[in-house]
Amino acid sequence: MDQAMPRSAKKRGLARYGFAYALVSPTIVLLTSFLIFPLIALFYYGFHETALNGAIEFVGFKSFIDLFAEGRFRLDIVNTVIYLCGNLAISIPLGYITAILVSSGFRLAGLMRTTFIIPWVMAPVVSALLVRTLLNPTDGPIIDLLTWIYGEPVYPTLTAAGSMAVIVLHSAWRSFPLIMLLLAAAMTSISREVYEAARLDGAGRWQQFWFITLPLTRTALFSSMLAISVFTIHDAEGVFAVTRGGPGNATETVAVRLFKEAFVSFNIGQAATLGVVLVVLSILIILIQIFVFGRRGQGA
């Protein structure tokens, strides 16, 4: 009797939702195929070497061993970490500041929210061209401003540190709107009575932020950090369109190196190897963030 009831419940559930499952199943199969088959191809080509004539030879871990022995690849890893950490260090505080502004309820909050979200919806290549125009050595307004400040022409993209600063600022400018939206949504769910009680107890604005806003928006912050981290380490078009990975390889990240190997040098095997490394790097960064924020959440 006990076994018959779950079976009958399953039959009723299948009869009730079977048609709905049948409608969404083609979409599920299509989306799964778009994810699974490229991933299988990535690992396949990562362990094979493809010649220009199309011949494919299994090489095992040789491509990975050769890649990790390169000084250029080690520089790519360092640049990727600097690019990611610099982006998060700027976009998270900026996201909090703008989230507080747009969730404060004053008259221009809607207009500010619309304005702040423009960098996120703008295509990376378009925003990169905007940055290149601002930094144009001939008549770029930022170059003119730096020349007026220092009394002589200053070209940030001609130095390694300046170029890295440019791509980090560009990435942070594109990333902070997503953080702003998630944090603003979390802030609006916090009861005003909590802040009023804190003010009555003598808490200032910084104390209210540190002990109320920050703990209650931690989940939204964690979600936005995961999304921005994956978005940043896979960002090839934004960096390549601004600096081409230069000067030299000073701003070449793993994603930019992958783009160059695949679409400039047409080295499919090397590009697939870099793709595997990029997938592993993404998983490691996500696991580190889950571990760190998970422990802090348990401690709280």
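The values are calculated or read from the model by the stated rules, or taken from the named source; none is laboratory data. Since the model is a prediction, treat every value here as computed from it, not as a measurement. Neighbour counts are summed over all protein chains in view; Cβ atoms, including those assigned to glycine, are modelled from backbone coordinates with ideal geometry. Protein only, heavy atoms only, side chains kept; ligands, DNA and RNA dropped before computing areas. Shrake-Rupley method; radii C 1.70, N 1.55, O 1.52, S 1.80 Å.
Table for the structure above
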read-out	value
Residue within segment 29-38 that is touching a residue at least 60 places away in the same chain (Cβ under 8 Å) and more than 22 Å from the chain's Cα centre (by Cα) present	no
Selected residue (criterion: farthest from A262 (Cα to Cα)) from residues of segment 45-66 that are open to solvent by less than 100 Å² (accessible area, probe 1.4 Å) and touching a residue at least 40 places away in the same chain (Cβ under 8 Å)	V59
Residue identified as assigned to a helix (DSSP H, G or I) and either among the aromatic types (F, W, Y) or surrounded by fewer than 13 Cβ atoms within 10 Å (Cβ to Cβ) (or both) among I100, I82, I36, I92	I36
Residue selected from segment 141-160 under the condition hydrophobic (A, V, I, L, M, F, W, C) and touching a residue at least 24 places away in the same chain (Cβ under 8 Å), by the criterion most open to solvent (accessible area, probe 1.4 Å)	L158
Residue among T138, T114 that is assigned to a helix (DSSP H, G or I) and open to solvent by 80 Å² or more (accessible area, probe 1.4 Å)	T114
Matching residues, segment 190-201, being touching a helix residue (DSSP H, G or I) at 6+ places or on another chain (Cβ under 9 Å), part of a helix (DSSP H, G or I) and aliphatic (A, V, I, L, M)	V194, A198
Complete set of residues in segment 45-92 that are more than 26 Å from the chain's Cα centre (by Cα) and hydroxyl-bearing (S, T, Y)	T50, S63
Verdict on L129 being under 15 Å from E237 (Cβ atoms) and either at pLDDT below 90 or open to solvent by 70 Å² or more (accessible area, probe 1.4 Å) (or both)	yes
Some residue of segment 226-235 being open to solvent by less than 20 Å² (accessible area, probe 1.4 Å) and without any contact (Cβ under 8 Å) to a residue 40 or more places away in the chain	no
Filtered residues of segment 90-112 (kept if touching a residue at least 12 places away in the same chain (Cβ under 8 Å), under 28 Å from A165 (Cβ atoms) and not β-branched (V, I, T))	S91, L94, G95, Y96, A99, M112
Residue check for P124: at pLDDT below 90 and under 30 Å from T273 (Cα atoms)	yes
Qualifying positions in segment 191-225 - surrounded by 14 or more Cβ atoms within 10 Å (Cβ to Cβ) and of a type in the set (K, R)	R218
Filtered residues of segment 150-208 (kept if over 24 Å from the mean Cα position of the chain (by Cα), closer than 25 Å to M112 by Cα and of a type outside the set (A, V, I, L, M, F, W, C))	T188, S189, S191, R192, Y195, R205, Q208
